[in-house]
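The values are calculated or read from the model by the stated rules, or taken from the named source; none is laboratory data. The structure displayed is predicted, hence computed values, not measured ones. Positions of Cβ are backbone-derived with ideal geometry, glycine not excepted, and every protein chain shown enters the neighbour counts.
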Amino acid sequence: MARVHVEGWRQTYRGLMSDDVLDAPDFVARRERFWNVALSDDPRNAGLVSAVAVVADQVVGIAMSGPTPEADRGDEGPDRWLYILYVLADQHGTGAGSALLDAVAPASVACGLWVADPNPRAQAFYRKRGFVADGTSRVDGGVRELSMVRSVL
């Protein structure tokens, strides 16, 4: 999972984020620690849902959703928030991303997310699945992001 997380960042954010961050020698180790904590029984993880896509015994995609953070909820914010969805580039178009999204944030649940901008491929993926930009943007880690939300379909 950590390997896919790091490779997903490198494939998605190269040119948008500092190469020093993306190529840091400890990047995979830090993501391993993240996933070990995220998948533990720690009470702070209540409500988190994770999924992986596997092809030929190799993890090729990862996803995680959870309760919407208060800062992103607003007056009538969505019930769930998609925190992570990465599929390795050679698996784009295979249905792995859709399956992961369905596993962690089914269409029967209102959901929100932040997506890098520019990232036309990801934005089109989410629009096709009912998400719309809500007009909110931010800069996180030097990357401009747009907020997208989906009502219950």
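Annotations for the structure displayed:
- Total residues in the range 106-124, condition more than 16 Å from Q11 (Cα to Cα) and either touching a residue at least 40 places away in the same chain (Cβ under 8 Å) or among the aromatic types (F, W, Y) (or both): 7
- For R10, the requirement of being farther than 17 Å from L85 by Cα and either among the aromatic types (F, W, Y) or modelled with pLDDT of 95 or more (or both) is not met.
Conditions tested, residue by residue: (1) at pLDDT below 95; (2) assigned to a helix (DSSP H, G or I); (3) more than 25 Å from L22 (Cα to Cα); (4) over 15 Å from the mean Cα position of the chain (by Cα).
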site: T94; (1), (2), (3), (4): no, no, yes, yes
site: G97; (1), (2), (3), (4): no, yes, no, no
site: L100; (1), (2), (3), (4): no, yes, no, no
site: A103; (1), (2), (3), (4): no, yes, yes, no
site: W114; (1), (2), (3), (4): no, no, no, no
site: A122; (1), (2), (3), (4): no, yes, no, no
site: Y126; (1), (2), (3), (4): no, yes, no, no
site: G130; (1), (2), (3), (4): no, no, yes, yes
site: D134; (1), (2), (3), (4): yes, no, yes, yes
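- For the range 52-87, the tally of residues that are aliphatic (A, V, I, L, M), under 18 Å from A2 (Cβ atoms) and surrounded by fewer than 18 Cβ atoms within 10 Å (Cβ to Cβ) stands at 4.
- Annotation for the range 34-46: no member residue is in a helix (DSSP H, G or I), under 16 Å from the mean Cα position of the chain (by Cα) and under 20 Å from K128 (Cβ atoms).
- Residues that are over 19 Å from S151 (Cα atoms) and touching a strand residue (DSSP E or B) at 6+ places or on another chain (Cβ under 8 Å) do not occur anywhere in the range 65-83.
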